[in-house]
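Right, I'll just put the structure down here and ask away after.
The values are calculated or read from the model by the stated rules, or taken from the named source; none is laboratory data. As the structure is a computational prediction, the values presented were derived from the model and not from experiment. As a convention, Cβ positions derive from the backbone with ideal geometry for all residues, glycine included, and neighbour counts pool all protein chains shown.
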């Protein structure tokens, strides 16, 4: 079992960290989920974090499809 605070989801492209954080914040805002300043979301329900994760995944797939098809991301 992973220790508390350890990360097992290392980024393949570390330079994408800022863009992923921005996407996470935008998704949270659209869904009405407030992300705490310290980033710890252990007090949130599975429904809240799951909806956020699902929304982010959906958006990342959409961005990848647009990139593969040669279209602009926005």
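If residue 49 satisfies all but one of (1) surrounded by fewer than 10 Cβ atoms within 10 Å (Cβ to Cβ); (2) more than 17 Å from residue 19 (Cα to Cα), what's the number of the condition it fails?
Result: residue 49 passes all but (1).
Are there any pairs with C-beta distances below 6 angstrom linking a residue in the range 40-64 that is on the phi > 0 side of the Ramachandran plot and at pLDDT below 90 to a residue that is part of a helix (DSSP H, G or I) and surrounded by fewer than 15 Cβ atoms within 10 Å (Cβ to Cβ), with the two at least 6 apart or on different chains, and if so which?
Pairs found: none.
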